[in-house]
Amino acid sequence: MKILYFFKTYILVLACLFTFEQVWSKEYSIKTQSRIQLFENWMETLMEDRSLPGVSVAIVHGKDLVYSKGFGYSDLANQIPMTKNTSQPIASITKVFTSIGLMKLVEGNKINLEDSVVKYIPELKNLKSKKFDINSLTLRSILLHTTGLPLNNKILIKPRINVQNISSRFLEDIKNQKLLFQPNRLHKYSNLGMNLGGILIERLSLKKYSKYITDIILNPAGMTSSSFEGNKGLYETMGYSRKISGLRKSKGYTNMGRLLGLPSSGLNSNVLDISRFISWHFSTLYGDLDNIINRNTLNEMQTVKWVPIPIEMPPFINSGLAFFANAFELGGVGLGYFRDKQFIKHSGGLNGFCSELIMDNENQIGIIVLANSSDAPIYWNHNSSISKNLYEIIGESLMNPDYMIQDSLKEYENVYTDHHHFHFYASFVEDKLALFDLSQSFPMRSPIILKKLELDDSFEDPNNHGFYGKEFFVTFQRNSNKEVTSLVLGNNVLMANEK
């Protein structure tokens, strides 16, 4: 039976890998290819302006990996490039995998969402619970972050702790923890609560947490580069602090996630593996795939169950709020996932690393962004958000029909800059030439649409009301070989990048 199990797993992993290798042969539209170039040039500008060490990104459409790339360096000192294969801690995105692992146990009738956790972890009776009822802390409480527990366990932040003993040590220290409020009354994000979920997994599956997640999620999804063992080999990445006095510090940040607890933040992965996870996600919701959890369970996990209003309230009141949140796509907390309007989300952040996972189920577009610095603007609500720009620039081109681009305009597509004030990317909006300002936080939101003039290679923006209002005239210049080499804007000459 074991041989048969391993054979099936091997075939499944090969199938997942083969499927993802095939997508590279798929031809994407001229519009999407142009948007990829725009995104890359915007990213390079951002990386330079913010002095970011490294960022890796990927975008999935349905089952297809549309685009993935690394920018900058995974190790500045040794000048090791960040690539799509570079693994790093994904921090709290680990909680998504823990949550799926717990729901797998629910599917198998090993536990119920309303079961009291004390039934399986009697050590919780040692909590300082004051007048609060510890028996009301359920599996649902863990998944919704309504346990009433603190953010972290004290034992996890002590120095020189043996990471391998985290699980047993934090249970020994549970007597020093206390419930901050009655369970199921207030949303309070808790690594400690999710670590209890990891203990539930071990006690109900009779496997180590890391092996269980590997067996039931990582291997079936083809995530062969993901591990709880830390970064290994050629693609190890360093974590960097935010800039302090113009410098970034790099310390032993890679173990931070494991110190906080494997179930809450201990997984290491890369954008290619997370893309495979996103592809599994859409295949489960819209296909016949049920090799990890089934469609109904995944839908249930992503339905809003709690609206995180910062006041304590009875569950029945929040159930009413959740009903309206789902009806009007207002967002809230699901079972291990977060919703922001139509987007399914989970973020992660540790000293030196940050991560963002975004999925638009309706349009089947998924995004993953990883960075090895604490201040990289990767989160959805950041100004100059990398994840939102990836969605707006490339994702939009996948949702809307392609348009015809005049051959006479294609030769203008390039970066034009004076390396000081102006930094434009010439591309297209529908059938018109447009300039995108690469220094803007969201370049897709305010392109400069150019109108062709009678004079060859000349255009204007008749609607420009900015600094160059009523005089935004553009002329492209060519060399003796008729190749476009520069752009003249007023009295400013912007040189084209070499192709």
Self-check item: Extreme residue, positive dipole direction of the chain, given options LEU487, PHE324, ALA434 (C-beta unit charges)
Solution: PHE324
Quiz item: Placing +1 at every Lys and Arg Cβ and -1 at every Asp and Glu Cβ, with all other atoms neutral, what dipole size does region 286-358 have around its Cα centre, in debye to the nearest 20?
Solution: 100 debye
Practice problem: Determine, for each peptide in 486-497, 339-350, the mean count of other beta carbons within 10 angstrom over its residues, then list the peptides with the highest first. | Solution: 339-350, 486-497
Quiz item: Helix hunt in the chain: which complete DSSP H runs extend at least 15 Å axially by C-alpha with mean Kyte-Doolittle at least 0.0?
Solution: 2-22, 94-107, 191-205, 271-286, 315-327
Exercise. Could you tell me which of the pairs LYS104/LYS207; LYS69/LYS482; LYS69/LYS432; LYS131/LYS175; LYS119/LYS175 are separated by over 21 angstrom between their Cα atoms in the structure shown?
Key: LYS69/LYS482; LYS69/LYS432
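Mind checking the dipole of region 237-388: about its Cα centre, +1 per Lys or Arg Cβ, -1 per Asp or Glu Cβ, Debye to the nearest 20?
Here the size comes out at about 740 debye.
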Quiz prompt | Members of LYS243/LYS388; LYS208/LYS388; LYS130/LYS345; LYS110/LYS211; LYS31/LYS63 lying beyond 27 Å, as alpha-carbon distances in this model show | solution = LYS208/LYS388; LYS130/LYS345
Practice problem: State, to one decimal in nm, how far the label point of ASP290 lies from the label point of LYS178, with both points 7 Å from Cα in the Cβ direction. | Solution: 4.7 nm
Quiz item: Which value results for Rg/Rh of region 255-360 when Rg is the Cα radius of gyration and Rh the Kirkwood radius based on the inverse mean 1/r?
Solution: 1.01
Quiz item: Quick one: with all protein chains in place, what share of the accessible area of the chain is carbon or sulfur, to the nearest percent (1.4 Å probe)?
Solution: 53 percent
Self-check item: Which label in [x] 90, 54, 51; [y] 73, 71, 45; [z] 82, 52, 51 gives the computed Cα extents along the principal axes in Å
Solution: [z]
Self-check item: Proximal aspartates and glutamates to LYS188, defined as alpha-carbon separation beneath 13 angstrom and excluding residues fewer than eight positions away on the same chain
Solution: GLU312
Quiz item: If packing is taken as the mean number of other Cβ atoms within 10 Å per residue, what is the order of 479-485, 237-243, highest first?
Solution: 237-243, 479-485
Quiz item: Hey, what number do you get for the chain at 222 nm if only DSSP H runs of n ≥ 4 count, each worth -39500 (n - 2.57), divided across all residues, to the nearest 500?
Solution: -8500 deg cm²/dmol
Practice problem: Express in nm, to one decimal, how much length is gained between SER439 and GLN342 on full extension, taking 0.36 nm for each residue of separation and deducting their alpha carbon distance. | Solution: 32.1 nm
Quiz prompt | Charge dipole of the chain about the Cα centre (unit charges at C-beta), most positive-ward option of GLY239, THR146, SER446 | solution = THR146
Practice problem: Work out the length of the dipole vector of the chain about its Cα centre, built from +1 on the beta-carbon of each Lys and Arg and -1 on the beta-carbon of each Asp and Glu, and round it to the nearest 20 debye. | Solution: 3000 debye
Quiz item: Once you put a point 7 Å from the Cα of GLU362 and another 7 Å from the Cα of GLU498, both along the Cβ direction, what distance in nm separates them?
Solution: 4.7 nm
Exercise. Keeping all protein chains in place, calculate the accessible area per residue for the chain (probe 1.4 angstrom), answer in Å².
Key: 46 Å²
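The values are calculated or read from the model by the stated rules, or taken from the named source; none is laboratory data. Fair warning: this is a prediction, and the values are worked out from it, not measured in the lab. Neighbour counts are summed over all protein chains in view; Cβ atoms, including those assigned to glycine, are modelled from backbone coordinates with ideal geometry. Accessible surface is based on the protein model in full, side chains and every heavy atom, while ligands, DNA and RNA are left aside. Shrake-Rupley method; radii C 1.70, N 1.55, O 1.52, S 1.80 Å.
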